[in-house]
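Enquirer: Provided herewith is a single structure, encoded as structure tokens, for subsequent inquiry.
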Amino acid sequence: MSSLRETLQANLAGVHERITQAARGVGRAGSAVTLVAVSKTFPAEAVLAAADCGQQDFGENYVQEAVDKIKRLRELAPQHRLTWHFIGPIQSNKTRVIAEHFDWAQSVERLKVAQRLSEQRPAGLAPLSVLLQVNVSREASKSGIAPAELPALAKAVVALPRLRLRGLMAIPEPSADPAAQFAPLRRMRELFDALRRDHPHADIDTLSMGMSADLEAAVAAGSTMVRIGTAIFGQRERIH
Ligand SMILES: *Cc1c(COP(=O)(O)O)cnc(C)c1O
């Protein structure tokens, strides 16, 4: 019988190997890709076991569930310096909790939300790292801004004092066809390169794309951050 920790150790090693292979295939270093372990719906004990295996970055979609887990992890394992990423849709009435508890907000798609996050970021914390979520597959996924709206939103967000614009995030529509999978990922890479050119003095270093099913295609297209749930923690039950 294998313990939770042994299972997670093996799964994390498997994901790192997939990243390394995919990166090598396009002449990149696997170390250039940050692995965010998406722990939504899994208990604090699973996060702790992954953290004990050396995993540092965790992604969560639901504000209250996440905050409970963040607090629990601080009690259980204050020795782990974990980095928490909010990756779910952001409602205006949840910005304060996100600003107070997270290190990153990856799913920013409205200026009003960005302004609130900046205003509500506590003075004692570093600026909140922010990604703008782009709806690159158009109608299929409803979250994210249209590529055409990106320059104006980025310009406004860069000017907010308590945020640090780090780049872009996308959840492309799933596809079993590798070519169809690749096109939106390539498009994201172009948008990311354009954003860097437009803001040479900002710290734009992060292109967050790639989940359990499209990790290889995302890394090949230039992703610098993958968000992996199922391949680490297993299948989620539909509790939300
Ligand atoms: C759930 C989720 C993930 C992880 O998806 P898996 O397919 O389980 O790897 C990544 N990104 C976002 C935004 C998610 O909501």
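Enquirer: Using alpha carbons only, how many angstrom separate the centre of the stretch 1-63 from the centre of the stretch 139-211?
Expert: 23
Enquirer: Can you check how the C-alpha radius of gyration of the stretch 163-240 compares to 2.2 N^0.38 Å, as a plain ratio?
Expert: 1.21
Enquirer: Still on this structure, I have one more. Report the net charge of residues surrounding LEU8, where surrounding means a beta-carbon distance below 12 angstrom and charges are Lys +1, Arg +1, Asp -1, Glu -1.
Expert: Its environment carries a net charge of -2.
Enquirer: Check the stretch 2-233 and count each lysine pair with an alpha-carbon distance under 20 angstrom, considering only pairs eight or more places apart or from different chains.
Expert: The number of close lysine pairs in the stretch 2-233 is 9.
Enquirer: Sort 191-202, 219-230 by the packing proxy (mean of other Cβ within 10 Å over each peptide's residues), most packed first.
Expert: Put in order of decreasing packing, that is 219-230, 191-202.
Enquirer: Helix-only mean residue ellipticity at 222 nm, the chain, DSSP H runs n ≥ 4 weighted -39,500 (n - 2.57), per residue, nearest 500. What is it?
Expert: Helix-only estimate at 222 nm: -13000 deg cm²/dmol.
Enquirer: Still on this model: When the Kirkwood radius is taken over all Cα pairs of the chain, what Stokes-Einstein diffusion coefficient follows at 4 °C and 1.567 mPa s, in µm²/s?
Expert: 71
Enquirer: Could you list which residues have their amide H under 5 Å from that of MET225, counting only those 5 or more apart in sequence or on another chain, with H placed in the peptide plane?
Expert: Close amide H contacts, sequence-distant or interchain: THR34, LEU207, MET209.
Enquirer: Probe radius 1.4 Å, ligands and nucleic acids ignored: give me the carbon and sulfur share of the accessible area of the chain as a rounded percent.
Expert: Heavy-atom surface of the chain belonging to carbon and sulfur, 1.4 Å probe: 50 percent.
The values are calculated or read from the model by the stated rules, or taken from the named source; none is laboratory data. Keep in mind it's a predicted model, so treat the numbers as computed, not measured. Note that each Cβ is placed from the backbone with ideal geometry, even for glycine, and that neighbours are counted across all protein chains shown. Just so you know, the surface numbers come from the protein's heavy atoms only, side chains and all, with ligands and any DNA or RNA stripped out. Shrake-Rupley method; radii C 1.70, N 1.55, O 1.52, S 1.80 Å.
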